[in-house]
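Visitor: Sharing a structure below in structure tokens format, with a few things to ask.
The values are calculated or read from the model by the stated rules, or taken from the named source; none is laboratory data. Small disclaimer: the values here were computed from a predicted structure and weren't measured. Positions of Cβ are backbone-derived with ideal geometry, glycine not excepted, and every protein chain shown enters the neighbour counts. Ligands, DNA and RNA are excluded from the accessible area calculation, which covers all protein heavy atoms including side chains. Shrake-Rupley method; radii C 1.70, N 1.55, O 1.52, S 1.80 Å.
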There are 2 protein chains.
Amino acid sequence: MMDTAMTFHRFHKDLPFTAEEYGRRLAATRAAMERAGLEALLVTDPSNMAWLTGYDGWSFYVHQGVIIQHDADPIWWGRLQDSNGAVRTVWMADDCVWGYADSFVQSTECHPMQDLAERLAYIGLDTARLGVEMENYYYSAKAHAALTAALPNAVLKDATALVNWQRGAKSDEEILFMRRAAMISEKIVDGLMERVEPGIPKNEVVAQVYVDALQGVDGHWGDYPAIVPLLPSGTDAAAPHLTWDGRPFSTGEATFFEISGCYRRYHAPLCRTIFLGKPDDTILRAEAALVEGLEAGLDVARAGARACDIAAALAAPLERAGIARSARCGYPIGLSYPPDWGERTISLRAEDQTVLQPGMTFHFMPGLWMEDWGLEITESILIREDGPAETFCNRPRKLYVKP
Amino acid sequence: MMDTAMTFHRFHKDLPFTAEEYGRRLAATRAAMERAGLEALLVTDPSNMAWLTGYDGWSFYVHQGVIIQHDADPIWWGRLQDSNGAVRTVWMADDCVWGYADSFVQSTECHPMQDLAERLAYIGLDTARLGVEMENYYYSAKAHAALTAALPNAVLKDATALVNWQRGAKSDEEILFMRRAAMISEKIVDGLMERVEPGIPKNEVVAQVYVDALQGVDGHWGDYPAIVPLLPSGTDAAAPHLTWDGRPFSTGEATFFEISGCYRRYHAPLCRTIFLGKPDDTILRAEAALVEGLEAGLDVARAGARACDIAAALAAPLERAGIARSARCGYPIGLSYPPDWGERTISLRAEDQTVLQPGMTFHFMPGLWMEDWGLEITESILIREDGPAETFCNRPRKLYVKP
């Protein structure tokens, strides 16, 4: 299926992965399609598109997708002007790149899915059992309605996360990319510890986070993370997803920093909290319980254990410390585009019995967001063949205090 | 409706706009709901949510929304942990903030829209004519299916862009924010002109773009833009949405820079192209035609003219120069969250007859993405009461050449 002697490429391509890697991914996806009874699959999640084809570009704000069939190379479909980016980034031949006219973009009179339906009919898929990713940022309610109306004889089936599940266990090539992302994460956290001081405005500190993130490490350039830095302070640290403003850091406040280095779209998030001044007993007790919980969780995060086992190991010391925590404590990570760096399959929580496999990677993320304070100490982890999980980063697992 | 004496707020809030401004926005939205026959509106577009309530946070990767009714304050609804951010950022009282349990997040067994449906029933909206934003990144096909199933007696009507259309003509308060964003855009472009040299890696230059963007100007801190910097070079500049890598800039290549400063979520994009070395006649002829087209477009961009008039004014000199261009040449701008800084209402193109009004703001964006080169010279513009459009930025409208 990747007979490069037969394919025509106008442009030199700097593909992130080998042909064998893309072949493995496509085979796994086709096997999952087979199990789900799908003749074809429309992939609209940009992370899934990139994982399967190499496509990379900030074009996901218009409708686009990749069509996967059992007996033909993937087809990239998107806005005509973005087909120029596709022929430069996907491994398939140029004739597997299809562009639709600009008049479809954000029109109230026609929808890009009407163009797609015509093309699907052209290749004989108008009566197919076609999988679509119903729960995805980039497959809107309107897109589904338009595609359903334009393909009256097809059977559209929900294939949410079908590809995401194939992404769970990482290859060695992917783990290498995550190690590079992790080195960048360490560099960012080191810079934060150095630069955060009372009186320094938050936006100035975030500017330097971007410098560390994009300069990269050891000659490996940094890519943009799928989530911007989050760094609420004091009572605002109760809110997990506040971004920055121009206010200065203050003595007597804890600030958590939720950041991730990114190498060619692969992430390794690392969160640490800095306290300026002398922390009170409440947060010190929370730190002790949280670190104990993290270490217990890392120890049970082994191949063959379940997602919920990690959550249970974390919960015990927190409960003993009287800390109520209802949110999940982690999710799979890897290749991602905004707005999320999670893979949206497994959740580390009591309800999730998924068995952990070697090569799976998670952000073990037991953030504490209490009523008027917050604490984040987290690790990106790799499930190994044997033994407890490996952490991608190697930084003190503690509350950082600057007296 | 904003009787602050009656409302309870636990936290100090740094609202970006006055109560009068939020009141104006809500009144305009309710009038549009009335015209559309809607008793209630579920707003899921994060830009619309922020515009109506002040809500700000990177939480749009999970389901959330704002419920607008005719006779009650807006209700913020989202993940429980994000309600901590909502009570800190919305103008409504704390009891207008509703959080759903974390077990709904990315679950395969239940959907957050089921929680919303129960709450809508509780306030008597289970039989309402309820508007939903069918064409939105953050209202998935699955969300619509789940909400429809959970509200069998409601009438869900497509209200795509109902709020976006109210955002078109900006208030003086908003224009002030865009002027600040524009100053940041100018600073970014000035920095690029200074720093881009043969041999400098792209990621290093983007790191400094972020420093300029986030440090801000004149004491106004910089926010994250809704789109990351785009800066393809040479033949890659044919592709409008490629991001960066670690390759150095080279002599003999044009690079376009598509960037925007951002002040409290308001944007003023500004694109310029830098040629290193001696540009050939093809690009110089294109530059001349493009600048002529921009100036013609600015001159017709007056209150009372139509969106298509700008497109026609631009097209004439390009056609005379033999440059075929099929993409729209602009879109409205203002408050935005990723993945797009456009407002997704008007398009500056031949098919769009929308009449321009004072206070409307556009990114006049006639990018040229040819087969093996590209050129971007653009302006963010304001439609005035009288006379031609004002440009938010004031930088030479030309191809920048560094010999």
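Visitor: Among the numbered criteria (1) in contact (Cβ under 8 Å) with a residue 24 or more places away in the chain; (2) over 30 Å from B:N164 (Cα atoms); (3) touching a strand residue (DSSP E or B) at 6+ places or on another chain (Cβ under 6 Å), which one does A:M134 miss?
Guide: (2)
Visitor: In the range B:62-73, what residues are more than 9 Å from chain A (Cβ to nearest Cβ) and either more than 16 Å from B:L52 (Cα to Cα) or surrounded by fewer than 24 Cβ atoms within 10 Å (Cβ to Cβ) (or both)?
Guide: Within the range B:62-73, B:H63, B:I67, B:Q69, B:H70, B:D71, B:A72, B:D73 qualify.
Visitor: Separate question: Can we say B:V196 is of a type in the set (V, I, T) and within 18 Å of the chain's Cα centre (by Cα)?
Guide: Details: of a type in the set (V, I, T): yes; within 18 Å of the chain's Cα centre (by Cα): no.
Spelling it out, it is not the case that B:V196 is of a type in the set (V, I, T) and within 18 Å of the chain's Cα centre (by Cα).
Visitor: Could I ask something else about it? May I ask you to verify whether A:E194 is free of Cβ contacts under 8 Å to residues at least 40 places away in the same chain, more than 8 Å from chain B (Cβ to nearest Cβ), part of a helix (DSSP H, G or I) and among the acidic types (D, E)? Spell out how you get there, then give the answer.
Guide: Details: free of Cβ contacts under 8 Å to residues at least 40 places away in the same chain: yes; more than 8 Å from chain B (Cβ to nearest Cβ): yes; part of a helix (DSSP H, G or I): yes; among the acidic types (D, E): yes.
For A:E194, the condition - free of Cβ contacts under 8 Å to residues at least 40 places away in the same chain, more than 8 Å from chain B (Cβ to nearest Cβ), part of a helix (DSSP H, G or I) and among the acidic types (D, E) - is met.
Visitor: Taking B:E135, is it within 14 Å of chain A (Cβ to nearest Cβ), open to solvent by 20 Å² or more (accessible area, probe 1.4 Å) and within 18 Å of B:F60 (Cβ to Cβ)?
Guide: For B:E135, the condition - within 14 Å of chain A (Cβ to nearest Cβ), open to solvent by 20 Å² or more (accessible area, probe 1.4 Å) and within 18 Å of B:F60 (Cβ to Cβ) - is met.
Visitor: Among what's in the range B:85-112 and is out of contact with any strand residue (DSSP E or B) (no Cβ under 8 Å at 6 or more places or on another chain), within 14 Å of chain A (Cβ to nearest Cβ) and within 30 Å of B:D14 (Cα to Cα), pick the residue that is most open to solvent (accessible area, probe 1.4 Å).
Guide: Filtering the range B:85-112 for residues that are out of contact with any strand residue (DSSP E or B) (no Cβ under 8 Å at 6 or more places or on another chain), within 14 Å of chain A (Cβ to nearest Cβ) and within 30 Å of B:D14 (Cα to Cα), the one most open to solvent (accessible area, probe 1.4 Å) comes out as B:A101.
Visitor: Any residue at all in the range B:384-396 that's hydroxyl-bearing (S, T, Y) and assigned to a loop (DSSP other than H, G, I, E, B)?
Guide: If we filter the range B:384-396 for residues that are hydroxyl-bearing (S, T, Y), which is where we start, we get B:391.
Right, trim to assigned to a loop (DSSP other than H, G, I, E, B) and you get none.
Within the range B:384-396, none of the residues are hydroxyl-bearing (S, T, Y) and assigned to a loop (DSSP other than H, G, I, E, B).
Visitor: Picking from B:G199, B:G246, which residue would you name as being open to solvent by 10 Å² or more (accessible area, probe 1.4 Å), in a loop (DSSP other than H, G, I, E, B), facing chain A (nearest Cβ under 7 Å) and under 25 Å from A:T89 (Cβ atoms)?
Guide: The match here is B:G246.
Visitor: Every residue in the range A:376-394 that is more than 22 Å from the chain's Cα centre (by Cα) and either under 23 Å from A:L318 (Cα atoms) or buried (at least 22 other Cβ atoms within 10 Å of the Cβ) (or both), please.
Guide: We begin by selecting, within the range A:376-394, every residue more than 22 Å from the chain's Cα centre (by Cα); these are A:385-388.
Scanning the range A:376-394 gives a single hit, A:P388.
Visitor: Something else: With respect to A:P16, is the statement that it is touching a Cys at 6+ places or on another chain (Cβ under 9 Å) and in the same structural domain as A:W91 (by TED's automatic domain parsing) true?
Guide: No, not satisfied.
Visitor: A follow-up question, please. Can you name the number of the only condition in (1) within 9 Å of chain A (Cβ to nearest Cβ); (2) touching a residue at least 40 places away in the same chain (Cβ under 8 Å); (3) open to solvent by 10 Å² or more (accessible area, probe 1.4 Å); (4) within 23 Å of A:L80 (Cβ to Cβ) that B:A239 fails?
Guide: Going through the list (1) within 9 Å of chain A (Cβ to nearest Cβ); (2) touching a residue at least 40 places away in the same chain (Cβ under 8 Å); (3) open to solvent by 10 Å² or more (accessible area, probe 1.4 Å); (4) within 23 Å of A:L80 (Cβ to Cβ), B:A239 breaks only (3).
Visitor: Sticking with this one: Just checking, which of A:L120, A:L147, A:L125, A:L116 is crowded, with 22+ Cβ neighbours inside 10 Å and over 28 Å from the mean Cα position of the chain (by Cα)?
Guide: A:L120
Visitor: If a residue counts only when it is open to solvent by 10 Å² or more (accessible area, probe 1.4 Å), which strands (runs of 3 or more DSSP E) contained entirely in the range B:257-368 have at least 1 such residues?
Guide: B:266-276, B:330-332
Visitor: Kindly list the number of the only condition in (1) surrounded by fewer than 22 Cβ atoms within 10 Å (Cβ to Cβ); (2) more than 7 Å from chain B (Cβ to nearest Cβ) that fails for A:V211.
Guide: (2)
Visitor: Same structure, new question: Can you pull out every residue in the range B:335-354 that is at pLDDT 95 or above and at the interface with chain A (Cβ under 7 Å from one of its Cβ atoms)?
Guide: B:P338, B:P339, B:D340, B:R344, B:S347
Visitor: Evaluate the range A:106-114: report whether one residue or more is touching a Gly at 6+ places or on another chain (Cβ under 6 Å) and hydroxyl-bearing (S, T, Y).
Guide: Within the range A:106-114, the subset touching a Gly at 6+ places or on another chain (Cβ under 6 Å) is none.
Checked the range A:106-114: no residue is touching a Gly at 6+ places or on another chain (Cβ under 6 Å) and hydroxyl-bearing (S, T, Y).
Visitor: Okay, moving on. I'm trying to understand the selection: among the residues of the range B:209-245, which are among the hydrophobic types (A, V, I, L, M, F, W, C), over 20 Å from B:G342 (Cβ atoms) and modelled with pLDDT under 95?
Guide: Answer for the range B:209-245, where residues must be among the hydrophobic types (A, V, I, L, M, F, W, C), over 20 Å from B:G342 (Cβ atoms) and modelled with pLDDT under 95: B:A237, B:A238.
Visitor: Follow-up. Considering each of A:V163, A:V189, A:V206 in turn, give the residue that is at pLDDT 95 or above and surrounded by fewer than 24 Cβ atoms within 10 Å (Cβ to Cβ).
Guide: A:V189
Visitor: Picking from A:R35, A:R10, A:R30, which residue would you name as being modelled with pLDDT of 95 or more, assigned by TED's automatic domain parsing to the domain that holds A:G85 and either more than 15 Å from A:P74 (Cβ to Cβ) or exposed (fewer than 14 other Cβ atoms within 10 Å of the Cβ) (or both)? Steps first, answer last, please.
Guide: On the way: A:R10 fails: modelled with pLDDT of 95 or more; A:R30 fails: either more than 15 Å from A:P74 (Cβ to Cβ) or exposed (fewer than 14 other Cβ atoms within 10 Å of the Cβ) (or both).
Answer to the check: A:R35.
Visitor: When you scan the range A:167-179, do you find a residue that is aliphatic (A, V, I, L, M), within 12 Å of another protein chain (Cβ to nearest Cβ) and either farther than 30 Å from B:L348 by Cα or open to solvent by 40 Å² or more (accessible area, probe 1.4 Å) (or both), even just one?
Guide: Here is the first cut: in the range A:167-179, the ones aliphatic (A, V, I, L, M) are A:169, A:175-176, A:178.
Restricting the remaining residues to those that are within 12 Å of another protein chain (Cβ to nearest Cβ) gives none.
Looking through the range A:167-179, none of the residues is aliphatic (A, V, I, L, M), within 12 Å of another protein chain (Cβ to nearest Cβ) and either farther than 30 Å from B:L348 by Cα or open to solvent by 40 Å² or more (accessible area, probe 1.4 Å) (or both).
Visitor: I've got another one for you. Among the residues of the range B:214-236, count how many are more than 7 Å from chain A (Cβ to nearest Cβ) and in a loop (DSSP other than H, G, I, E, B).
Guide: Final tally of qualifying residues: 8.
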